[in-house]
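Step one of this worksheet: look at the structure below.
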Amino acid sequence: MPTIRLDVNGTERAVDAAEDTPLLYVLRNDLGLKAARFGCGSGRCGACFVLIDGRAVASCDTPLWAAAGRRIVTLEGLGSPEAPHPLQRAVIDEQAAQCGYCLSGILVSAAALLAANAAPTEAEVRAALDRNLCRCGSHNRLVRAVVRAAHGGAE
Amino acid sequence: MTGPLRRAGGGPDERPQLPGSLNANRRLGQWLRFLPEGLVEVRSGKVELGQGIATALAQIVADELDVAPARVRMVPASTASSPDEAVTSGSLSVQQSGTALRYACAEARALYLEAAAARLGKPVERLQVIDGEIVAVGGAHTSYWALADERLLDREATARVAPKSTHRFVGSNALRLDLPDKAFGRPRFVHDLEFPGMLHGRVLRPPSPAAALRALDDAQARALGAVVVRDGSFLGVLAEREEVAVKALERLRAGASWSEPATLPDAHALADWLQAQPVESKVVAEHAAAGAATPARTLRARFSRPYLAHASIGPSCALAHWRDGRLQVWCHSQGIYNLRADLALTLGLAAERIDVSHVEGAGCYGHNGADDVALDAALLARAAGERPVRVVWSRADELAWAPLGPAMAIALEADVDAGGEVLAWRHELWSNGHSTRPGRAATPTLLAAFHLERPFEPVLAIDPPLPAGGAERNARPLYGFPALRVVHHRVLSMPLRASALRSLGAFANVFAIESFVDDLARARDEDPVAWRLRHLTDARAHAVIEAAARRAGWAARRRREHCGHGIGFARYKNLGAYCAVVAEIEAAREIRVQRLVVAIDVGQVVNPDGVANQAEGGAIQAASWTLKEAVRFDRTRITSASWEDYPILGFSEVPAVEVEIVACPEDAPWVGAGEAAQGPTAAAIANAVRDALGVRVRDLPITPERIAATD
């Protein structure tokens, strides 16, 4: 099996896996990064989203060869309890989850949005999150959290 | 010392009845223990499904023990060490587990105070507890942590110590305990669990519900280095790497041929099909009028709902590990003891040789694939030579093979007088039972058990008994009618697996009742809110309807073209939470719900933000069911096995939701919040569509095609 080099959360990681392996399995099983989650395997739910060169991309649908040499950021790379990303803080402030399974992918979509548009309207937030599915009905809390994060934490 | 003591039954076991789940799990030490490091470990048999129950139970514990919530460690349920609280379902967890913990903690606190009194040489009355420190007047002190001794709680509960009447944490917003892990993407879900030497397993499900395996060529799958497991029509693969397991599964699929009889009903005539099936019938409620007036006419309407999928974002997942003739399972089942019983039946193993541990899964809205995947993992792990195995379902299997919320047909009739007042009300419903949960029948109800070389017969769905009921849940209207008859026909053919989906029969029954009464009010030119209030005597029912109407600006609503308002009301199970919903919709190319106002009374509230979250989530999910969702199938296969074919409401389509928690009488017991809004939301949307377009849609979902097809 070839060794493939990946740039994940600012660190170069070497992975021994077939080139067509979906990035998601490598993140979760080889690199121990569990934030990106399997939801559908075909890029239709957003649970597995990661940033690749700043864009929110379905890692379940991205083969390793397409991710190699590009900048991959997972939710773990956005922030930590010690240094949280504004979105992570806002999600806790808004208590914006029920089961939370969809949360990683939604925060990744929101991070891509805020990087491109620092002060999105509510409608823009909703449109940016339309590629992510949530089944528990936490949508409105999540939208409020993203708007709150865009406003520097104040609501 | 007081307590709700009454004698249970009349049998030889004359032990007093204890509150909540304490009755079946009577040892105090089963529920909690203090740790010297300043923590209290709490074991509930109820599991976290995404509904926030662990947080609410921790609030209750913190109050009764006088400790900070941060000192409470909620231990995930396990058959090895947790109380048996059967299934986490029916919006009963606060009632059953919360009540048990309340009494168990009150008694534990009293026992520790006695121990502290002995240690400090002070009377109990001179002691107080401050965040676990036990302080005597004069300054002498000890603590739960210093006194921590499991023997103190190694005794049967008596429930003779009254829980507190005032609370510091209960009734105030609490932050979800599980949220930080999820916000930072730390491992938390069963999907994240892994053990050294773990193999990845996948199961090849048949292409249709009645398919049988005819021939199998597994050479291509094995060529990848995967192990192929076969037991009758149950097929699976094991591989060192997950992507190899997935690839091997697809090769196995290509190498399998099946016979597929056409056993499914016409998806476009489900109500007719239900009404034509053999049934077991019973009268749910009946009373006749004293001096029967002659009706001027009889109004009739038939309503229906389709099969609905749980459609959780994360597919079912479990891990299993066989060692020394024992089986360990980690999964997101709602009922770990019940699952263990069915695993034991299927595997021919004594239940004592199986441990089932709960690990959080993606949102759970009823009996989904969580139990089935546990058996899948156990069967594959049996072929893994004492290595642990993790199995994850595919999206397609999640949508097509997990039990479905059953389709229902409901025929309503009202005899009315010349003024349109109801003289007699009749409600007949046809549905499969709403439960094939494991652990309750003589044979297992787990999916793979039906496909083994020596298969078990699928078990026909049953209904939980009244007063909660299953299909007949909320079939009896709360409105005062002179005469009433409610009949429940349990359909005895089950071509599609049916089981419990959030709110069971209440969703369709409330949709039907509340649509029909809206038309009765409309026929009299009466305001639908006024009609409802006039037919209800319960002050708490009035309060939620009035609160929803007030908040939504019902009285001042204005007619705008293509826009409409509607209201729906129910008391969940007729004995749980009261809930009224007002919907505002706009009918353009499709129905857009713009706003839902939810007023809810859940009795005493543990975590107000948790109640609001559950009510809002329930309303949004119900809006999705109402507007979009139906399991699709041809005469052989389920065809809605992807998100494209089973769409759910997206971010841009979700309405604004306002939740108002309505104050209740002080002595109102706490009841669950998660299933109260579904029926009222569907009805409110349907009534708003009627208001906007003059069209009464009686068959869910309310799609543009349905509206066009309804006169």
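Of all residue pairs spaced 6 or more apart or on separate chains, those with beta-carbon atoms under 9 Å, a first member in region B:63-90 that is surrounded by 23 or more Cβ atoms within 10 Å (Cβ to Cβ) and a second member that is of a type in the set (Phe, Trp, Tyr) and part of a strand (DSSP E or B) are B:LEU65/B:PHE34. No other residue among A:ASN132, A:ASN140, A:ASN117 is over 19 Å from B:LEU177 (Cα atoms), without any contact (Cβ under 8 Å) to a residue 40 or more places away in the chain and in contact with a strand residue (DSSP E or B) (Cβ under 8 Å, 6 or more places away or on another chain) apart from A:ASN140.
Hey, can you tell me all the residues within region B:655-703 that are of a type outside the set (Gly, Ala, Ser) and modelled with pLDDT under 95?
First, the residues of region B:655-703 that are of a type outside the set (Gly, Ala, Ser): B:655, B:657-662, B:664-667, B:669-671, B:675, B:678, B:680-681, B:685, B:687, B:689-691, B:693, B:695-703.
Answer for region B:655-703, where residues must be of a type outside the set (Gly, Ala, Ser) and modelled with pLDDT under 95: B:CYS664, B:PRO665, B:GLU666, B:ASP667, B:PRO669, B:TRP670, B:VAL671.
None of B:LEU177, B:LEU147 is in contact with a strand residue (DSSP E or B) (Cβ under 9 Å, 6 or more places away or on another chain) and within 14 Å of another protein chain (Cβ to nearest Cβ) except B:LEU177. Among the residues making up region B:454-497, those that are of a type in the set (D, E, K, R), within 30 Å of B:GLY232 (Cα to Cα) and out of contact with any strand residue (DSSP E or B) (no Cβ under 7 Å at 6 or more places or on another chain) are B:ARG454, B:GLU457.
Within region B:391-407, can one find any residue that is free of Cβ contacts under 8 Å to residues at least 12 places away in the same chain and not assigned by TED's automatic domain parsing to the domain that holds B:LEU700?
Our first condition is that a residue be free of Cβ contacts under 8 Å to residues at least 12 places away in the same chain; within region B:391-407, this holds for none.
No - not one qualifying residue is present in region B:391-407.
Candidates are the residues of region B:258-271 that are in contact with a strand residue (DSSP E or B) (Cβ under 8 Å, 6 or more places away or on another chain) and surrounded by 13 or more Cβ atoms within 10 Å (Cβ to Cβ); the one that is nearest to B:ALA212 (Cα to Cα) is B:TRP258.
Residues in region B:498-519 that are over 17 Å from B:ALA409 (Cβ atoms) and out of contact with any strand residue (DSSP E or B) (no Cβ under 6 Å at 6 or more places or on another chain): B:SER503, B:VAL517, B:ASP518, B:ASP519. Conditions first: (1) within 11 Å of chain A (Cβ to nearest Cβ); (2) surrounded by fewer than 24 Cβ atoms within 10 Å (Cβ to Cβ); (3) closer than 19 Å to B:ASN173 by Cα. B:GLY617 passes all but one, so which condition is the exception? Result: B:GLY617 passes all but (2). For region B:286-319, residues that are touching a Pro at 6+ places or on another chain (Cβ under 9 Å) and within 14 Å of chain A (Cβ to nearest Cβ) total 3. Taking the stated definitions as given, is A:LEU75 touching a residue at least 60 places away in the same chain (Cβ under 8 Å) and of a type in the set (A, V, I, L, M, F, W, C)? So A:LEU75 does not fit the description; no.
Given the residues B:LEU423, B:LEU429, which is the only one that is at pLDDT 95 or above, buried (at least 23 other Cβ atoms within 10 Å of the Cβ) and not assigned by TED's automatic domain parsing to the domain that holds B:PRO207? If you could, list the steps in order and put the result at the bottom.
Working: B:LEU423 fails: buried (at least 23 other Cβ atoms within 10 Å of the Cβ).
Going through B:LEU423, B:LEU429 in turn, the sole match is B:LEU429.
Every condition in (1) in contact (Cβ under 8 Å) with a residue 60 or more places away in the chain; (2) closer than 25 Å to B:ALA56 by Cβ; (3) outside any loop (DSSP other than H, G, I, E, B) holds for B:ALA146 except the one numbered (2).
Residues are listed down the side, and each one gets a yes or a no for (1) facing chain B (nearest Cβ under 7 Å); (2) in contact with a helix residue (DSSP H, G or I) (Cβ under 8 Å, 6 or more places away or on another chain); (3) at positive phi:
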residue	(1), (2), (3)
A:ARG5	no, no, no
A:VAL8	no, yes, no
A:GLU19	no, yes, no
A:LEU23	no, yes, no
A:PHE38	yes, yes, no
A:GLY41	yes, yes, yes
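Screening B:LEU274 with (1) out of contact with any helix residue (DSSP H, G or I) (no Cβ under 9 Å at 6 or more places or on another chain); (2) in a helix (DSSP H, G or I); (3) over 23 Å from B:ALA500 (Cα atoms) gives one miss only, at (3).
Region A:65-155 holds helices (runs of 4 or more DSSP H) entirely within its bounds, and those carrying 1 or more residues that are more than 7 Å from chain B (Cβ to nearest Cβ) and either on the phi > 0 side of the Ramachandran plot or surrounded by fewer than 21 Cβ atoms within 10 Å (Cβ to Cβ) (or both) map to A:86-93, A:103-116, A:122-129, A:139-150.
The values are calculated or read from the model by the stated rules, or taken from the named source; none is laboratory data. All values reported here derive from a predicted model rather than from experimental measurement. We place every Cβ from the backbone using ideal geometry, glycine too, and count neighbours over all the protein chains shown.
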